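Only the coordinates and a few stated rules stand behind these numbers; no lab work does. Just so it is clear, the model here is predicted, and its values are computed rather than measured. Positions of Cβ are generated from backbone atoms using ideal geometry, with glycine treated the same way; all protein chains shown enter the neighbour counts.
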Amino acid sequence: MPESKEIVAALEKIKSEYAAAAKAAKSSAELGDWKAKYLGKKGELSSVMSSMGALGAEDKKVVGRIANEIKSAVEALYEEQLEAVHSSEYLARLGVVGDVTLPSVGVPRGRTHPLYDTLEEISSIFISLGFSVADGPEIEDDYHNFAALNFPDAHPAKEMQDTFYVSSVGDKEMLLRTHTSPVQIRAMKSGKPPFKFIAPGRVYRHEAIDAAHSYVFHQVEGFCVDNKTNLADLKTVLEMFIEKYFGKRLPIRFRPSYFPFTEPSVEVDVECLVCSGAGCKACKNSGYIELLGAGMIHPNVLSNCGLDPNIWQGYAFGIGVERFAMQKYGVDDMRLFYKNEMRFLGQF
Ligand code: DAH
């Protein structure tokens with residue numbers, strides 16, 4: 001017949017062991033075994049408690065209270081451990097390792113590339129001025145990239161743009177588009193005037209890379225065709241665009257130039273942002289920076305697209321996105337945009 005002293009000793013032993021044993025149970029299966037050992041019908045607590053039946057009333061009261069306290073503590077610990085084991089098993093299923101309650105070290109957040117931000121910004125200004133957005137293939141044929149744009153075969157103007165040729169398709173010579181102007185041809189051939197589009201995208205030139213050149217870069221083409229548009233409209237649209245993009249009214253200059261697909265052709269310069277026109281290294285002491293090419297669409301281009309140049313007329317322009325981004329952010333080397341260098345990209 002066990003005496004109350006022995007029973008109390010057995011209870012003390014359980015009390016000294018159960019918590020560490022629970023902490024050692026790392027899975028719900030192990031915790032189940034632990035529960036059976038301490039709380040099960042044939043478990044240690046039950047067998048100690050059943051042996052209390054033979055004790056005197058007074059002892060039973062004292063020992064019973066100790067036993068019940070231990071039982072409640074074991075039950076509470078069980079609930080607590082069950083939750084911990086379940087959540088660690090859940091995290092393991094999700095592939096999470098480590099202590100998820102530790103403070104985070106900060107997850108680096110991704111963002112769009114500054115060139116794409118510039119492309120988006122330029123596009124959204126033109127959209128606000130009533131332009132729609134058109135698209136065209138980056139692998140073009142000679143017809144859309146050159147011939148339809150009034151580049152005569154073997155004309156020296158073709159040499160203005162060194163071209164990456166890819167394999168021919170049938171008798172069509174295929175190439176990586178050297179500018180976004182072919183989108184003008186595609187849009188005019190597949191729709192009816194009036195047109196007022198921009199065509200943002202990537203273009204390719206067979207060029208050596210340096211601070212101001214790359215073999216792949218971005219342009220935003222713009223063109224507007226109707227029966228009344230003139231050079232003054234082009235000037236107004238570009239002035240409004242430049243003011244919105246740079247956030248202030250800057251003196252601009254239209255300089256006569258030559259493109260096969262426009263007549264007259266102009267190059268548009270803006271007063272140098274670095275020296276405000278006084279002359280500096282950035283503008284080669286001219287006080288102006290060359291920004292984009294533009295002009296009135298050549299009658300041959302309109303007729304190549306089936307439009308009667310006596311009825312329809314329009315303007316076009318081509319914007320170099322890299323050049324705009326470099327001007328706005330004071331970047332002096334185009335290559336920085338393509339290096340995926342986080343210290344550079346993180347500044348935008
Ligand atoms: N396509 C020309 C280039 O890449 C840029 C350009 C100039 C586009 C004048 C135009 C334009 O639409 O009117 O060099």
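Cross-link check: pairs LYS284/LYS328; LYS23/LYS61; LYS23/LYS60 evaluated at a Cα-Cα cut-off of 22 Å; pairs beyond the cut-off: LYS23/LYS61; LYS23/LYS60.
With the convex hull constructed from alpha-carbon coordinates only, segment 114-345 shows a mean projected area of 13.1 nm² over all directions.
Under 5 Å between amide hydrogens, built in the peptide plane, is the criterion, and for TYR315 it picks out CYS224, ILE297 among residues at least 5 positions away or on other chains. The phi torsions of segment 186-198, fed into the Karplus equation with coefficients 6.51, -1.76 and 1.60 and a -60° offset, translate into couplings of 4, 5, 5, 6, 9, x, 10, x, x, 10, 8, 10, 10 Hz, rounded to whole numbers, with Gly and Pro shown as x. Per-residue 3J(HN,Hα) values for segment 303-314, derived from phi via the Karplus relation 6.51 cos²θ - 1.76 cosθ + 1.60 with θ = phi - 60°, read 5, 4, 9, x, 9, 6, x, 7, 9, 9, 8, x Hz in sequence order (x marks Gly and Pro). Taking 0.36 nm per residue of sequence separation and removing the Cα-Cα distance, the THR112/SER167 pair yields an extension gain of 16.5 nm. Angle of helix 57-94 to the longest C-alpha principal axis of the chain, folded into 0 to 90 degrees and rounded to 10: 20°.
Using Cα-Cα distances under 8 Å and only pairs 6 or more residues apart, what relative contact order does segment 1-104 have, in percent? Contact order relative to length: 34 percent.
Considering only MET52, MET174, MET240, the mean-square fluctuation computed in a Gaussian network model of the chain, springs between alpha carbons under 10 angstrom, is largest for MET52. Using Cα atoms only, what is the angle between the long axis of helix 114-128 and the major principal axis of the chain, expressed in degrees (0 to 90) to the nearest 10? Tilt of helix 114-128: around 60 degrees. Each principal axis of segment 4-94 carries a Cα extent, and these read 55, 19, 16 Å when sorted largest first. Amide H to amide H, with H built 1.01 Å from N, THR178 comes under 5 Å of TYR204, counting only residues 5 or more places away or on other chains. For segment 198-328, the relative contact order is 27 percent, taking Cα pairs closer than 8 Å that sit 6 or more residues apart in sequence and dividing their mean separation by the residue count.
The long axis of helix 231-246 is offset from the longest Cα principal axis of the chain by roughly 30 degrees.
Please state the relative contact order of segment 29-178 as a whole percent: Cα pairs under 8 Å, 6+ residues apart? Relative contact order comes out at 13 percent. Neighbour counts of C-beta atoms inside 10 Å place THR101, THR112 in the sequence THR101, THR112, starting with the fewest. Ordered by the count of other Cβ atoms within 10 Å of each Cβ, fewest first, HIS113, HIS218 give HIS113, HIS218. In a fully extended conformation the segment linking SER276 and ASP233 would gain 12.9 nm over its present Cα-Cα distance, using 0.36 nm per residue. For GLY287, nonlocal amide neighbours, meaning residues 5 or more places apart or on other chains whose placed amide H falls under 5 Å from its own, are GLY279, CYS280. When the helices of the chain are scored as -39500 (n - 2.57) per DSSP H run of n ≥ 4 and the total is divided over every residue, the value at 222 nm lands at -13000 deg cm²/dmol.
Find the centroid of the Cα atoms in segment 244-292 and in segment 176-194, then give the distance between the two in whole Å. Between the Cα centres of segment 244-292 and segment 176-194 lies a distance of 26 Å. For LYS228, the lysines whose Cα comes closer than 27 Å to its Cα, not counting residues fewer than 8 places off in the same chain, are LYS189, LYS192, LYS196, LYS244. P(r) tail, segment 195-321: Cα-Cα pairs separated by more than 18 Å, 59% of all pairs. Shown for ASP141, ASP162: other C-beta atoms within 10 Å of each C-beta, ranked fewest to most, produce the order ASP162, ASP141.
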